[in-house]
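The values are calculated or read from the model by the stated rules, or taken from the named source; none is laboratory data. Please read these numbers as outputs of a predicted model, since none were measured by experiment. Don't worry about glycine lacking a Cβ; one is built from the backbone with ideal geometry, like all the others, and counts go over all protein chains shown. The accessibility values were calculated without ligands, DNA or RNA, using every heavy atom of the protein model including side chains. Shrake-Rupley method; radii C 1.70, N 1.55, O 1.52, S 1.80 Å.
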Amino acid sequence: MNLPNTLQPIQSKLARAVPLLALVFLLIAPRTATTQDSIIPETEISVGLGGEVRLGKWTPIQIKLKNGSATPIKYEVTALDGDDTPVIYGGELVANEDHPNQFEAWTRLGRNYGEIVLRLLGAEGELIEEINIPLRGEKSKTTVSKSTRPFILTLESGDQLKSSIESNSALGPRETTPLVITPVEKEALPSNWLGYDSFETIVMVTSDLERIQRMSKTQIEALRVWVENGGTLILSVSKNAEQLLSNGGLLEPFLPGNYEGLKECRNSKRLESYADSNEQLIPLRGKPIQVSSLSEVTGKVLVYGEKKTPLIISNAMGYGDVTFVCFDLDSERIANWKGGIKLVGELVSGTRTNLESQSSGQRAVKGTSVSTFGYTDLIGQLRVPLDQFSEVKFVAFMWIALLIGLYILCIGPGDFFFLKKLARKMELTWITFPLLALLFCGLAFGISRMTRPNSIQLNQLEIIDIDSTRGRTRGSLWANLYSPHGGACDVSFAAEHNLGFQIDSEVLTWHGLPGDGLGGMWSSPTPGLLKTGYKQTVNFQSDQKLKSSIIGLPLQVSSTKPMFGQWWADNSMPIRSDLDSKSGR
């Protein structure tokens, strides 16, 4: 099956990238004393959640203006991508619903060094403030982690869940040990689902009703869309279930059934077995625990209580899933129960059991052959087939060495014997030498033209997921652009997919290699190289939808540039089934 060309590269003049050279020069040039002082601006800046950033993931920048400051409308953020190339992210600032002096900007880091340059702009693009945010050093308030390290977000008042997850993960290697983040009160949660791009799992407990109710409907909607786009949410609701789950409550969209009220649970044997605990949570004739009672449950019940009362339910939601816990994970009963830590570990992606199989899995990887040195993951290995272009023919080194040797023989001994024995005029070397040089240069140029295409080439791997329940389709693609000539191009999604889908939301960006191998985002910097920057636009539409494009992407001669993108579209395809119950097929 031929994959459709969803990406559309548009060749442009090299002059398009020239104006960005000035911005690159400003980024790497030595700063004056005035610029250094602006590292601590009057505007309060927070990069990521809790100051934690994951390489290669979209990261929100929280901006809090002081009273009386000019109100910005747009922003520009300059950072490095995975190839050490400066990227200018631009768009309109997203205002906080509850706090008119707070805004959000967005960026994506490909390196753990250098700095981020944030420029706040007015409606006409006029500069209001420029802020330099260092990623290293004493003045840095940002911690950058590898892209291979999973992030987990816990929405709780204290740090009980955070401690439980870290206790389960303490024996694993740091590269794969989850980083657990618990935002403090003053930090606002993202108002767009893209702000949760760094997280595999979000754990939310609801004992602190005031904290949950401070979340706006936009933030809840962002969390819902994040789950539907493939995230995992662990939601624990019991004490405040009536306010949050019934009559259009704030968390009702995540409910895997119909809320019927609170119910007492007096038997916890199955829960103790699930948590692999020898200690009873509810002893014989002990005080029961309050659980949320649900009817018409959808999804899979992982743990039952007495009389088939669901205690833990796993329910698919779009491309993600919600694990609904019918009791409060942060209650005093769970905190004092020795099995509580194991229970949280099982809920968070099976952390405890995964640690037991990590060593054998790592040994299996070491015993296999890999095609890209330094990368044992699927994304790193994917770079090799995407770099193989059918119209690009590589000349074997043997032929190159042969041509070099023949050239040396022709301009040396060959030219000498020709002029000495045949022409008998040594002064003719002023003619024969340039002719030989032009001949071999032309030969090299001809071979180059014969083995290279004349236009930009695109290799693309695309995976299309169809959600027939919601009538939505998602496409995820990895692509490599190859350019035979130096220049710049614009890259964007087509409005309509070749399969007939009308794309209504999409995000397109650069793709970086994980790890510290050759060309990886965690590898050492390459000083002395001046690279032309390009622009990445990210515009937020209604209903949490996105529009993005890449402008002025620099492509060097005979080079490739990796890209990654996702798109979403409505799908009205009917559900068809060929199952036959009588034949057992």
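A few remarks follow.
- Mean accessible surface per residue for the stretch 452-547, computed with a 1.4 Å probe while every protein chain stays in place, in Å²: 42 Å²
- Reach of Lys162 by Cα under 19 Å, taken over lysines that are not fewer than 8 positions away in the same chain: Lys186, Lys338, Lys342
- Accessible surface for the stretch 46-145, divided over its residues, is 38 Å² per residue with a 1.4 Å probe.
- A Förster radius of 30 Å, combined with the Cβ-Cβ distance separating Asn258 from Asn539, puts the computed FRET efficiency at roughly 0.20.
- 15 Å beta-carbon shell around Asp504, net charge (K/R +1, D/E -1): -1
- Shape category assigned to the stretch 259-343 from the gyration tensor of Cα positions, a/c cut at 1.5: prolate
- Under 11 Å from the Leu406 label point (7 Å along Cα→beta-carbon), backbone N, the stretch 414-444: 440, 443-444
- From phi via Karplus (6.51, -1.76, 1.60), per-residue ³J(HN,Hα) for the stretch 237-253 in Hz, x at Gly/Pro: 9, 8, 4, 10, 5, 4, 6, 9, 10, 10, 6, x, x, 4, 9, 4, x
- Remark: the Glu427-Ser524 segment gains 29.6 nm on full extension, using 0.36 nm per residue and subtracting the alpha carbon distance.
- Computed about the Cα centre, the dipole magnitude for the stretch 391-539 is approximately 920 debye when only Lys and Arg (+1) and Asp and Glu (-1) carry charge, each at its Cβ.
- Extension gain for Lys308-Asn67 works out to 81.1 nm (0.36 nm per residue, less the C-alpha to C-alpha distance).
- Between the stretch 187-254 and the stretch 464-494, the alpha-carbon center distance in angstrom: 30 Å
- Backbone N atoms of the stretch 287-318 closer than 12 Å to the 7 Å Cα→Cβ label point of Arg266 belong to residues 287-289, 306-307.
- The calculated FRET efficiency for Gln243 paired with Asp467, based on their beta-carbon distance and R0 = 41 Å, is about 0.85.
- Sites Phe397 and Met450 - FRET efficiency at Förster radius 25 Å, r taken between beta-carbons, to 0.05: 0.90
- Distance from the stretch 261-282 to the stretch 507-561 (C-alpha centre basis), Å: 50 Å
- Once backbone amide H atoms are built at 1.01 Å from N, Ala488 has Ser12, Leu14, Leu555 as its partners under 5 Å, excluding neighbours fewer than 5 places away on the same chain.
- The label point for Leu436 and the one for Asp276, both projected 7 Å from the Cα toward the Cβ, are 7.6 nm apart.
- Among residues other than Pro434 with Cβ under 15 Å from its Cβ, the summed charge is -2 (Lys and Arg +1, Asp and Glu -1).
- Nearby lysines by direct alpha-carbon distance to Lys307 (threshold 23 angstrom, same-chain neighbours under 8 apart not counted): Lys239, Lys263, Lys269, Lys287
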